[in-house]
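Reviewing the structure listed below.
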């Protein structure tokens, strides 16, 4: 699945771990050595603000090679794997351009900001980035456009520090976002189409802990706010730049009347443009409000469903009367415990516990009193054992206890503690006070070649011996 699944940015850990993680790091470092200096080609060959004619219109684009790789890497492997080379490539270009150091540090964040917008959209949108399908292509088109607009903030710093005129500013600004968008569609999109699925398979094999996309309420809200601001800023800025260019040309006109009429016409255009910007802001606000509202509602529904599922799961693995685990849970967990003990070469104990003369308790005190005895006894055992041990109701008045990684002395001590605790146990009923004892058969083994039924059968044999010897005692057997 080629959704946005970033690899955790832990370069030092990957280098130490070796194997495929180290190879990934070495390839990434090699890629950085190629990507970072490639940005200088834009400066050396003057690829900024190139003028092209599209459908009879003059447009300006900038060719910036580092983003050809950084954008696909960002979506396929994660934000920081792309943002770092993107930052330092821009940093190097700014140094060559004699930009002041303070501005260089700020200017270098331009492309990482654009990549952050890209990631935010893909964290919000439940679509793949492999572009296999119309929805995937449409989302990528919108994401690439907004990402380019967000990154074009660097054009302001560039033109300010280089003190360029308004015409050159327009070339740089349009070249930045339009060039970035065209690059993304013509070059980055095919890369994603071909390599997204192989990259996803590679991550699943080498980095199984890659984090899947989580469409959180915070992510959705942040995306709506940023997208709204980017669109408003782009609309207003495009209008202002256009107006400034028109005014520069108007100033070249000698006829005062024509100049005045043209300036008045510009003022008329400014009003609907302002209305359009306000409408965009309102759309963003209502989108934020409604999505936030419905997200909260859905989170509430999901939480309620999760609680119900947890309750259903607990009911399916718990004995309703005694609150001990049931046979279903027992036989689901036992194979895993046996496999773990086999791998660790540890000992395993299986004990069967049976309440003595329980039928007489039911006959003398009633079945409700008998149920209370079962509850009290189950609570006694549950309080005695620890979380690594498995306790379940096996049937009727019989229970089973599984103790992994044990030794015989431990089982002797546990059996004596349980027997003494049961002798002290008191259950009140309408017909009097009830005292009860139990018998216990324990089988300790480290031989896991035989089937599970054999282990339980051996514990049952030990339980029979305990009853035969007079009850209220335990018998421990072992094949060690």
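Computed from the coordinates by the stated procedures, all read-outs in this text should not be read as laboratory data. Only a predicted model underlies this, so the values are computations on that prediction, with no experimental measurement involved. Don't worry about glycine lacking a Cβ; one is built from the backbone with ideal geometry, like all the others, and counts go over all protein chains shown.
Things worth noting here:
- Straightening the chain between residue 461 and residue 259 buys 61.8 nm, computed as 0.36 nm per residue apart minus the Cα-Cα spacing.
- In plain terms, the chain from residue 205 to residue 10 could stretch by 68.5 nm, reckoned as 0.36 nm per residue minus the Cα-Cα distance.
- Label point distance in nm, residue 448-residue 371, each placed 7 Å from Cα along Cα→Cβ: 3.9
- Neighbour-count order for 188, 406, 387, fewest beta carbons within 10 angstrom listed first: 387, 406, 188
- Equivalent-ellipsoid semi-axes of the stretch 327-478, from the Cα gyration tensor, Å, largest first: 28, 15, 14
- Between residue 168 and residue 96, the distance separating the two model label sites (each 7 Å from Cα on the Cα→Cβ line) works out to 1.7 nm.
- Spatial separation of Cα centroids for the stretch 99-125 and the stretch 398-429, in angstrom: 64
- What the Cβ-Cβ distance of residue 33 and residue 57 gives, at R0 = 35 Å and to the nearest 0.05, is a FRET efficiency of 0.35.
- Fraction of the pair-distance distribution of the stretch 58-122 above 13 Å, Cα-Cα pairs, percent: 63
- Gain upon complete extension [residue 426, residue 316; 0.36 nm per residue less C-alpha separation]: 36.6 nm
- Relative contact order (percent, whole number), the stretch 327-478, Cα cutoff 8 Å, 6+ residue spacing: 30
- Inverse mean reciprocal Cα-Cα distance (Kirkwood Rh) of the stretch 1-156, Å: 16.8
- The peptide list 91-104, 390-403, put in order of mean Cβ contacts within 10 Å with the highest first, becomes 390-403, 91-104.
- Cα-based convex hull, the stretch 163-202, per residue volume (Å³, whole number): 62
- Take the Cα of residue 339, step 7 Å toward its Cβ, do the same at residue 132, and the gap between the two points is 3.0 nm.
- Relative contact order (%) - criterion: Cα under 8 Å, at least six apart; region: the stretch 11-215: 24
- Here the calculated FRET efficiency for residue 142 and residue 250, from their Cβ-Cβ distance with R0 = 56 Å, stands at 0.95, rounded to the nearest 0.05.
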